[in-house]
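The next block holds one structure in the form of structure tokens; read it before the comments.
The values are calculated or read from the model by the stated rules, or taken from the named source; none is laboratory data. All of these numbers come straight from a predicted model, not from anything done at the bench. All Cβ positions, glycine included, derive from the backbone under ideal geometry; neighbour counts span all protein chains shown. These area figures cover heavy atoms from the full protein model, side chains too; ligands, DNA and RNA do not enter into them. Shrake-Rupley method; radii C 1.70, N 1.55, O 1.52, S 1.80 Å.
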Amino acid sequence: MAELIRGKDIKKQIEEELKQEVEELKSKGVTPGLKVILVGDDPASHVYVRNKGKACERLGIQEETTELPEDTEEGKVLELIDQFNKDPKVHGILVQLPLPKHMNETNVLYAIDPKKDVDGFHPVNVGRLMIGDPDFLPCTPAGIQQMLIRSGNDPAGKHVVIVGRSNIVGKPIANILMQKKDGANATVTICHTGTKDVGEFTREADIVIAATGWPGTITGDMVKEGVVVIDVGVNRVDDPTKEKGYRLVGDVKFDEVEPKAKAISPVPGGVGPMTITMLMKNTVKAAKRTLSE
Ligand code: NAP
């Protein structure tokens, strides 16, 4: 039986560490502050933002969400960001994506001060990671790195094959794991839809990270015995036996891959819970920095 790498449990460990860091900061007169901007009525976005608020509450981070109607002008959002950029009590700014179609997402994200960009999506932070001088790491990939390290599967010296090259998962996790640093230093291969035979690469991998958004992308015959697998995918598949009519599955055929794996992350309960935790970590980091400024 493969060991299960549960983000749910690792999240608890990191939250305990963060609680102490927040207390220490408070004893020095700094309360970490996060501002969230939520535009429109997207139900999933509302759920994410609510969960972020709950995490802040658990950790003692001051969080405030500004909810704006769907037809808000882009200028209004830029004004708010400018106000938060200038406010010393605000350490982190997060604009919940997706934004309504009439807004230019790039304009909005680029307006955030990179020192408060706790999502790690600003090109300054993306570029810093690329050149080996990272500041804020994007949250989902940073969570994946923590899952590997804290489950005793240090990627150093390992061959990691990442399936997917998006800007929010595939590319940044590749950049993180190839850093010449502790908890990284891996040999990294990226596969995508242009890869002729993904299995040819994944069969060589010590660690497979699947981030395609398609259930069943990684099958049992595509991995070697003893592989470590991180399944980032979150996909809804119809399931009339469930109250909601669907269930969540990853990108990996769990039943086929688990028997061959040394360790594997489940879906749900795997990568999912890590994203908000790493957002909290970035917010605390941003607040800590103010002590030395
Ligand atoms: P995305 O932007 O759609 O990117 C998917 C990537 O996978 C693309 O690079 C695509 O290649 C590649 N791909 C798709 N099918 C493939 C196949 N059959 N073989 C090889 N490569 C294939 O998706 P994303 O935003 O990275 O998200 C990926 C998955 O992770 C989704 O299920 C998403 O819901 C989940 N996710 C979870 C979390 C979390 O748990 N916290 C956070 C973010 C995302 P091309 O570039 O060639 O098109």
Q. Among GLY269, ASN235, SER166, whose Cα sits farthest toward the positive end of the charge dipole of the range 139-271 (+1 at Cβ of Lys/Arg, -1 at Cβ of Asp/Glu, about the Cα centre)?
A. SER166
Q) Applying 1/(1 + (r/R0)^6) with R0 = 35 Å to the Cβ-Cβ distance of ARG236 and GLU204, what FRET efficiency is obtained, to the nearest 0.05? A) 0.65
Q | Largest to smallest accessible area among HIS192, HIS102, HIS91 [probe 1.4 Å] | A | HIS102, HIS192, HIS91
**Q.** Net length gained if the chain between SER45 and ASP9 were fully extended (0.36 nm per residue, minus Cα distance)
**A.** 10.6 nm
Q.
Using the alpha carbons of the range 219-293, what is the convex hull volume per residue in cubic angstrom, as a whole number?
A. 126 Å³
Q.
Taking the solvent-accessible surface of protein heavy atoms with a 1.4 Å probe, what is the per residue accessible area of the chain in Å²?
A. 50 Å²
Q) Amide H of ILE37: which non-local residues (sequence gap of 5 or more, or other chain) have their own amide H closer than 5 Å, using H built in the peptide plane? A) THR66, LEU94, VAL95, GLN96
Q: Pull out the extension gain between ARG150 and ASP182, defined as 0.36 nm times the separation in residues minus the alpha carbon to alpha carbon distance; nm, one decimal.
A: 10.3 nm
Q. What percent of all Cα-Cα pairs in the chain falls in each 5 Å bin, counting up from 0?
A. 1, 5, 11, 15, 17, 16, 14, 10, 6, 3, 1, 0
Q | Accessible-area ranking of GLU293, GLU16, largest first, probe 1.4 Å | A | GLU293, GLU16
Q. By how many degrees, between 0 and 90 and to the nearest 10, does the Cα long axis of helix 274-289 differ from the longest principal axis of the chain?
A. 40 degrees
(Q) Based only on Cα atoms, what mean projected area does the convex hull of the range 81-121 have, in nm²? (A) 2.8 nm²
Q.
Please compute the modelled spin-label separation between ARG289 and LYS89, points set 7 Å along Cα→Cβ, answer in nm with one decimal.
A. 2.1 nm
Q: At 7 Å along the Cα-to-beta-carbon direction for both THR106 and GLU57, put a label point, then send me their distance in nm to one decimal.
A: 3.9 nm
**Q.** PHE254 - accessible surface, heavy atoms, 1.4 Å probe, Å² rounded to 10
**A.** 80 Å²
Q: Quote the accessible area belonging to ASP231 in square angstrom, nearest 10, computed with a 1.4 Å probe and with ligands, DNA and RNA left uncounted.
A: 10 Å²
(Q) Out of the trypsin sites (Lys or Arg not before Pro) in the range 212-293, which ones are loop residues according to DSSP with at most 16 other C-beta atoms within 10 Å? (A) LYS224, LYS242, LYS244
Q: With a Förster radius of 35 Å, plug the Cβ-Cβ distance of LYS26 and VAL124 into 1/(1 + (r/R0)^6) and report the FRET value to the nearest 0.05.
A: 0.75
**Q.** Accessible surface of the chain [probe 1.4 Å, protein heavy atoms]: carbon and sulfur percent
**A.** 50 percent
Q | Under Karplus coefficients 6.51, -1.76 and 1.60, residue-wise ³J(HN,Hα) of the range 69-83 in Hz, glycine/proline x | A | x, 3, 8, 4, 6, 4, x, 5, 5, 5, 4, 4, 4, 4, 4
**Q.** Amide H partners (placed H, <5 Å) of ASP135, local residues excluded
**A.** LEU129
Q.
If you count only protein heavy atoms and use a 1.4 Å probe, how large is the accessible surface of SER27, to the nearest 10 Å²?
A. 90 Å²
Q) When all C-alpha to C-alpha distances in the range 139-271 are sorted into bins of 5 Å, what percent of pairs does each bin hold, rounded to whole numbers? A) 2, 12, 22, 25, 21, 11, 5, 2, 1, 0
**Q.** Cα gyration tensor shape for the range 30-116, rounded if a/c is under 1.5, else prolate or oblate
**A.** oblate
Q) In terms of solvent-accessible area of protein heavy atoms at a 1.4 angstrom probe, what is the ranking of GLU105, GLU79, highest value first? A) GLU79, GLU105
